[in-house]
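**Student:** Before I ask anything, let me first share the structure, which is written out below as C-alpha cells.
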C-alpha cells in the first residue's frame with residue numbers, strides 16, 4: 001500500500017532533548033505523526049563479548065557499566081545470579097542493605113526520568129526542583145557506598161561495607177526531607193493545568209497494545225498491567241511489596257507511576273532500616289560452575305541475565321536482556337504514532353524513559 | 001488561564017521560595033571525605049604482593065614500580081575507575097581511598113585471593129613457554145632451559161615427557177604471564193576472589209608490618 | 001593587544017555555551033554532566049550554558065569510548081562548531097577506553113585520535129565538581145587572544 005507522507009523529519013542523534021544518541025525518523029502528514037522509525041547503533045560497545053572468560057570481580061564492573069543510570073540493579077542481578085549458581089547464602093543484614101542501595105538507585109533514576117520529562121515539556125522550574133531532590137538521594141547513596149554513580153557495592157556473599165549508625169540517622173532525616181518535598185512536587189505535577197495540557201491524553205499506550213508490544217516497568221504499569229519482578233524477590237516479599245499501577249495509559253500516568261514508586265521506595269527503605277538486624281555483612285563463598293536465567297526489576301523494567309560459568313567461576317556465556325528495548329519498541333510503534341504534533345514526539349519518547357546505553361550495550 | 005496563573009502565584013508567593021530566591025547560595029565545590037577517590041599511599045611499605053594488580057578490573061590502571069630500594073604502587077589517572085578494590089585487596093594497607101580502609105578495619109572485612117591453573121590438554125603442545133616465562137619459576141630454578149625442563153620440584157610447573165605437569169599450584173601469584181606467552185591459549189589462570197568478614201578480630205589501624 | 005581584544009577575551013571567558021555529545025558511554029558521565037545543572041552545583045552561575053546544539057557551542061564535552069557509529073559523524077559535528085572552540089574529554093572512556101578497552105570490544109579510544117582535545121577529566125565517572133572545575137580552568141586560556149593566534 002502506498003503511504004502518503006508529507007515530510008520525513010529526523011530527530012537526533014544529537015538533539016537538545018535526548019541525552020543519548022538515537023535517531024527517530026518521524027513520518028508526518030500535516031502536523032500529525034503517522035509513523036516512527038528508530039535508528040540505533042551509535043552506542044554498541046560489545047560488553048557481552050568482553051565479559052566472556054572473566055571472573056566475577058571484573059564482570060561486575062562491566063555489568064555496572066551496561067547502564068550508568070541504573071548501575072546498582074545490574075550489579076545486584078548479576079551477583080544474585082552468580083550466588084544462585086554457586087549456592088552462596090547472603091547474610092540477612094546484607095540482603096536488606098542491598099535493598100536499601102537498590103531503592104536509593106531507583107529513586108535517583110526515577111527522579112532523573114521525571115526531570116527529563118519536565119525539561120522536555122519546558123517546565124524548567126519543576127525539573128530543577130526534581131534535580132535538586134536527586135542530589136539529596138545521590139548524597140545518601142554516596143554516604144552508603146562511597147561513590148555517586150557506579151557504586152560497586154554488591155559482591156557475592158554480601159556487600160562491600162556496612163551502614164554506619166550515624167549514616168542511618170542522616171538517611172532517615174534526608175528521607176523525611178525528600179518525602180515532604182516530593183509530596184509538593186508530585187502535587188504540582190498532578191494538578192498543574194499547564195502540565196496537564198502537555199501530558200494528559202498524549203502518547204496513549206492502551207493495555208492491549210502494551211501487552212502486544214511487551215512493554216515492561218513503569219511504562220507497562222502506567223497502562224494498568226500489574227507486572228513487577230520485585231514481587232518475586234525474597235527480600236521484597238518479606239517486606240510485603242505491592243506494585244504501583246495506574247490506568248490512564250498516557251504520558252501523565254507514566255510520570256505519576258514514577259512519582260508513586262518514589263514514595264514506595266521511601267517506604268521500603270524505612271522498613272529496611274527498621275528491620276535491620278545486627279550481624280555480619282559478608283558470608284564468603286566461591287563461585288562454581290552452572291547455568292541460570294535470573295531476572296530483577298530495574299527502574300525501567302524487567303532485567304534478565306542468562307549466565308553460564310565454568311568450574312572456577314569464570315563467565316563462559318552471558319546474555320543480557322535490558323528493559324529499554326521493549327519500551328522503545330512500544331514507544332515507537334504504539335505511543336508516538338498518532339500524536340498531534342511533532343513537539344509531542346520528544347516528550348512522549350522521554351516519558352518511556354529510554355536508556356540507549358543499556359539497549360545497545 | 002486565570003486558574004493556572006493563580007496557581008503559579010500561590011507556588012511562588014511562599015515565603016520560603018522568596019527567601020531562597022533572594023539569598024540563594026550554592027554549596028562550595030568540595031569533595032566529601034567519604035567519597036572513594038583515587039587511591040593514595042598511606043606511607044606503609046609495599047611488600048610487592050601484587051594483589052592490587054591482580055584484582056584491578058580496569059586495564060592498565062595500577063602498576064607496582066621499583067623506586068629507590070622499595071616498591072611503590074602507581075595509579076594511572078584516566079585508567080583508574082576508583083572502585084577501591086585494590087585498597088581492599090592489599091594485605092599490608094599500602095593504599096587508602098575515601099573511607100574504604102577505615103571501614104575495612106572497623107568491620108573486619110577482607111578479600112581472599114586464590115589462584116588456579118587450568119591447562120587444556122587438547123590444546124597444550126608441551127612447548128614449555130609458560131614454564132620459562134613464569135617469574136616464580138625463575139626464582140625457584142634459575143637454570144631452567146628453553147624446553148621448560150627442570151631438575152627441582154620447587155617450580156610451579158615443568159614439562160615432563162612432553163606434557164606439562166603442575167607441581168605447586170599454591171605458589172602461583174596470578175600474574176598471567178604464562179597466559180600471554182602461550183601460543184595456543186591452552187593455559188588459563190583463574191583468579192578466584194572471596195569476600196569474607198571476621199568481626200571478632202579487630203586489629204587497630206596502627207598494627208601491621 | 002588592543003582594548004577590543006581585551007573586551008572580547010573577557011566576554012568569551014564569562015559566557016560559554018556547552019554542547020555535549022555521547023560517543024558510546026555507559027550514561028554514568030552523561031548524568032554527571034546533567035547533575036552540573038542542578039541547583040546544588042548551578043553551572044549557569046559561572047556563565048556556562050548547557051544546551052545541546054553544536055552550532056552555537058563554544059565547548060564540546062565528549063563522553064564515551066568512541067564507537068564505530070561515530071566514525072564520520074564526530075568529525076562532522078566538530079566542524080559544525082564555530083571557531084573559537086575547544087573539546088573536553090569527560091571521564092575515562094574518551095581518554096583510555098576505561099574497562100571497555102579490551103580485546104573483542106568495538107570501541108576505538110582515545111577520542112584524541114579523531115578531534116583535538118583541550119582538557120581531560122579522569123574518573124569513572126568524574127564528580128560534577130571536577131567537571132565544573134575543568135570547564136572553569138580552560139575558559140580563561142583557550143579562547144584568549146584568539147584573533148591574534150589565528151594570524
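The values are calculated or read from the model by the stated rules, or taken from the named source; none is laboratory data. Predicted, not measured: the structure shown is a model, and the values here were computed from it. Cβ placement follows ideal geometry from the backbone for every residue including glycine, while neighbour counts extend to all protein chains displayed.
**Student:** Looking at segment A:165-186 only, could you name the residues that are facing chain B (nearest Cβ under 10 Å) and out of contact with any helix residue (DSSP H, G or I) (no Cβ under 8 Å at 6 or more places or on another chain)? If you could, list the steps in order and put the result at the bottom.
**Tutor:** First, pick out the residues of segment A:165-186 that are facing chain B (nearest Cβ under 10 Å): A:167, A:184.
Answer for segment A:165-186, where residues must be facing chain B (nearest Cβ under 10 Å) and out of contact with any helix residue (DSSP H, G or I) (no Cβ under 8 Å at 6 or more places or on another chain): just A:184.
**Student:** Looking only at segment A:135-150, count every residue that is more than 9 Å from chain B (Cβ to nearest Cβ) and assigned to a loop (DSSP other than H, G, I, E, B) and tell me the total.
**Tutor:** Summing the residues that are more than 9 Å from chain B (Cβ to nearest Cβ) and assigned to a loop (DSSP other than H, G, I, E, B) in segment A:135-150 gives 1.
**Student:** Only residues that are in contact with a strand residue (DSSP E or B) (Cβ under 8 Å, 6 or more places away or on another chain) and either under 20 Å from residue B:190 (Cα atoms) or surrounded by 17 or more Cβ atoms within 10 Å (Cβ to Cβ) (or both): list them for segment B:142-164, please.
**Tutor:** Listed by number, the residues that qualify are B:144, B:148, B:150, B:156, B:157, B:158, B:159, B:164.
**Student:** Oh, and also: Just one of the numbered conditions (1) more than 29 Å from residue A:150 (Cα to Cα); (2) at pLDDT 85 or above; (3) touching a strand residue (DSSP E or B) at 6+ places or on another chain (Cβ under 8 Å) is not true of residue C:82; which one?
**Tutor:** (3)
**Student:** Shifting gears a bit: Do you know which residues across segment C:126-141 are touching a residue at least 24 places away in the same chain (Cβ under 8 Å), surrounded by fewer than 20 Cβ atoms within 10 Å (Cβ to Cβ) and either over 18 Å from the mean Cα position of the chain (by Cα) or away from every other protein chain (no Cβ under 14 Å) (or both)?
**Tutor:** Within segment C:126-141, C:138, C:140 qualify.
**Student:** State yes or no: is residue B:145 more than 14 Å from chain C (Cβ to nearest Cβ) and modelled with pLDDT under 80? Lay out the reasoning, then the answer.
**Tutor:** On the way: more than 14 Å from chain C (Cβ to nearest Cβ): yes; modelled with pLDDT under 80: yes.
Yes, satisfied.
**Student:** Within segment C:91-107, how many residues turn out to be facing chain B (nearest Cβ under 7 Å) and under 13 Å from the mean Cα position of the chain (by Cα)? Please lay out each step first, then the result.
**Tutor:** So in segment C:91-107, the residues facing chain B (nearest Cβ under 7 Å) come out as C:92, C:95-96, C:98-99, C:101-102.
After this cut, where a residue has to be under 13 Å from the mean Cα position of the chain (by Cα) as well, the list is C:95.
So the count comes out to 1.
**Student:** Determine whether segment B:118-128 contains at least one residue that is in contact with a strand residue (DSSP E or B) (Cβ under 8 Å, 6 or more places away or on another chain), in a strand (DSSP E or B) and within 14 Å of chain A (Cβ to nearest Cβ).
**Tutor:** Yes, segment B:118-128 contains at least one residue that is in contact with a strand residue (DSSP E or B) (Cβ under 8 Å, 6 or more places away or on another chain), in a strand (DSSP E or B) and within 14 Å of chain A (Cβ to nearest Cβ).
**Student:** Among (1) within 11 Å of chain B (Cβ to nearest Cβ); (2) over 18 Å from residue A:43 (Cβ atoms); (3) surrounded by fewer than 23 Cβ atoms within 10 Å (Cβ to Cβ), where does residue C:83 come up short?
**Tutor:** Failing condition for residue C:83: (1).
**Student:** Can you find a residue that is in a helix (DSSP H, G or I) and over 27 Å from residue A:276 (Cα atoms) anywhere in segment A:96-108? Let's see the steps before the verdict.
**Tutor:** Step one: list which residues in segment A:96-108 are in a helix (DSSP H, G or I), which gives A:96-108.
Next cut, over 27 Å from residue A:276 (Cα atoms) only: none.
No, every residue in segment A:96-108 fails to be in a helix (DSSP H, G or I) and over 27 Å from residue A:276 (Cα atoms).
**Student:** Of the conditions (1) at positive phi; (2) more than 12 Å from chain A (Cβ to nearest Cβ), residue C:27 satisfies every one except a single condition; which number is it?
**Tutor:** Among (1) at positive phi; (2) more than 12 Å from chain A (Cβ to nearest Cβ), residue C:27 violates only (2).
**Student:** Examine segment C:44-51 for a residue that is surrounded by fewer than 21 Cβ atoms within 10 Å (Cβ to Cβ), touching a residue at least 60 places away in the same chain (Cβ under 8 Å) and either away from chain B (no Cβ under 14 Å) or assigned to a helix (DSSP H, G or I) (or both), and state whether such a residue exists. Working first, answer last.
**Tutor:** Narrowing segment C:44-51 to residues surrounded by fewer than 21 Cβ atoms within 10 Å (Cβ to Cβ): C:44-47, C:49-51.
So of that shortlist, the ones also touching a residue at least 60 places away in the same chain (Cβ under 8 Å) come out as C:46.
Among the residues that remain, those that are also either away from chain B (no Cβ under 14 Å) or assigned to a helix (DSSP H, G or I) (or both) are: C:46.
Yes, there is a match, as at least one residue in segment C:44-51 is surrounded by fewer than 21 Cβ atoms within 10 Å (Cβ to Cβ), touching a residue at least 60 places away in the same chain (Cβ under 8 Å) and either away from chain B (no Cβ under 14 Å) or assigned to a helix (DSSP H, G or I) (or both).
**Student:** Please find, among B:32, B:41, the residue that is closer than 30 Å to residue B:89 by Cβ, at the interface with chain A (Cβ under 9 Å from one of its Cβ atoms), modelled with pLDDT of 80 or more and within 51 Å of the chain's Cα centre (by Cα).
**Tutor:** Numbers: B:41 fails: at the interface with chain A (Cβ under 9 Å from one of its Cβ atoms).
Result of the check over B:32, B:41: B:32.
**Student:** Can you tell me which residues in segment C:110-125 are assigned to a loop (DSSP other than H, G, I, E, B) and either under 23 Å from residue C:84 (Cβ atoms) or more than 10 Å from chain B (Cβ to nearest Cβ) (or both)?
**Tutor:** Passing the criteria: C:110, C:114, C:115, C:116, C:117, C:118.
**Student:** Report yes if some residue within segment A:176-185 is out of contact with any strand residue (DSSP E or B) (no Cβ under 8 Å at 6 or more places or on another chain) and under 22 Å from residue A:278 (Cβ atoms); otherwise report no.
**Tutor:** The answer is no, given that none of the residues of segment A:176-185 is out of contact with any strand residue (DSSP E or B) (no Cβ under 8 Å at 6 or more places or on another chain) and under 22 Å from residue A:278 (Cβ atoms).
**Student:** Can you name every residue in segment B:87-102 that is within 14 Å of chain C (Cβ to nearest Cβ) and either touching a helix residue (DSSP H, G or I) at 6+ places or on another chain (Cβ under 7 Å) or over 19 Å from residue A:163 (Cβ atoms) (or both)?
**Tutor:** Applying the first criterion (within 14 Å of chain C (Cβ to nearest Cβ)) to segment B:87-102 yields B:97-98.
Across segment B:87-102, the qualifying residue is only B:97.
**Student:** Checking residue C:69 against (1) outside any loop (DSSP other than H, G, I, E, B); (2) modelled with pLDDT under 85; (3) more than 7 Å from every other protein chain (Cβ to nearest Cβ), which test does it fail?
**Tutor:** The single condition residue C:69 does not satisfy is (3).
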